1. How would you order 243-250, 302-309 from highest to lowest mean count of nearby Cβ atoms within 10 Å?
2. Multiply the residue gap between residue 71 and residue 231 by 0.36 nm, knock off their C-alpha separation, and tell me the result in nm, one decimal place.
3. Where does each of 73-80, 142-149 land if you order them by average Cβ count within 10 Å, highest first?
Amino acid sequence: MTITQNAASNGAQDNETDTTGSRRWRDIALLALLFAFVVAGLAGLAAATGWEETKHQLMKLSLGQIAILLVLSLVNYLFRAARWHVFSHRLGLQTSPMQSLRHFLGGFAMSVTPGRVGELIRMRWLFRETGWAVERTAPLVLMDRASDLAAMALLLAGGVALSAGGISMAMPVAILALGAAYVATRPALLSGLVTLTYRTIGRFPRIMARIRKATRSIGVFSHGPVMAAAMALGMIGWFAEGYAFHILLVWMGSDIGLAKAIAIFIFSTLAGGLTGAPGGVGGAEAAMVALLALEGIPLEVSIPATALIRLTTLWFAILIGLMVFPIAEAKSNATP
């Protein structure tokens, strides 16, 4: 009987490994396909404006300047990983800083999934390493997303307030993001929304009950110092990437001002996310090129600038995630 049980257990583990491997290759294939579409789209726009001008703008940058852009993106990832660690401990998870860093960065590999739902892989790693069920760690993911929305909304609002011109219409987006962040951090509101959804659709009672239970745990984050630290870490992180976009435009001879550059970068990132496309691919690039055009930036500058900032932010994050993902998987599997 014991031998049979062991064989069944080993078979289940093999099936899980095969499934995980196939999903990983599927995500990599999706990543490659999305990357190809973005490159093709930007190349088409570049061709319409003339390859020589686009190439000329790209050749202006040195390897040192590209390294600076990557470092600023890394600042964003590290500060947001620190926020993840703060939230983890506030929730009661006794994870180490390296664990939190591994989970957070490894999740970037799943940014290519629609709506970035694949980043929920972090909860699986937490379950394996701590034994906490998904409904107990779900508030952590929700607070991470809500904090990003709040930090980006404040930066966007500040950028719009300090600049003038074509990005004034971004203020409603900032207000919407702040509203979503507010709702996401209020247990009573979220629980009420879940109840309303269940009464409307009348299906999935167990899932709805688990979601409602998870929303009630959000109250633990309603602590002044924790929220202040989370907001500061998030704003520093996103400011770093917005600043990278600013200096990139300066290097390309199209200085539109720090506030306006940050506002365009944040707005484009949020707009891409609203499309639901994996990583906001397509929507973010289109919004960025369009807003730069409103500021009088020619396509031969806006296209390579958009391509480079997306490569050094989104695609750099995904590359890091793909490198860390197998390590996080191995570490979580090795946890007794």
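1. Working: 243-250: 21.5, 302-309: 24.9.
Ranking, from highest mean packing down: 302-309, 243-250.
2. Numbers: separation 160, 0.36 × 160 = 57.60 nm, distance 2.11 nm.
Gain on extension, residue 71 to residue 231, equals 55.5 nm.
3. 142-149, 73-80
Bear in mind that the values in this text are calculations on the coordinates, not laboratory data. The shown structure was predicted, so the numbers you read here are calculated from the model rather than taken from an experiment. Glycine also receives a Cβ, built like all others from the backbone with ideal geometry; neighbour counts cover every protein chain displayed.
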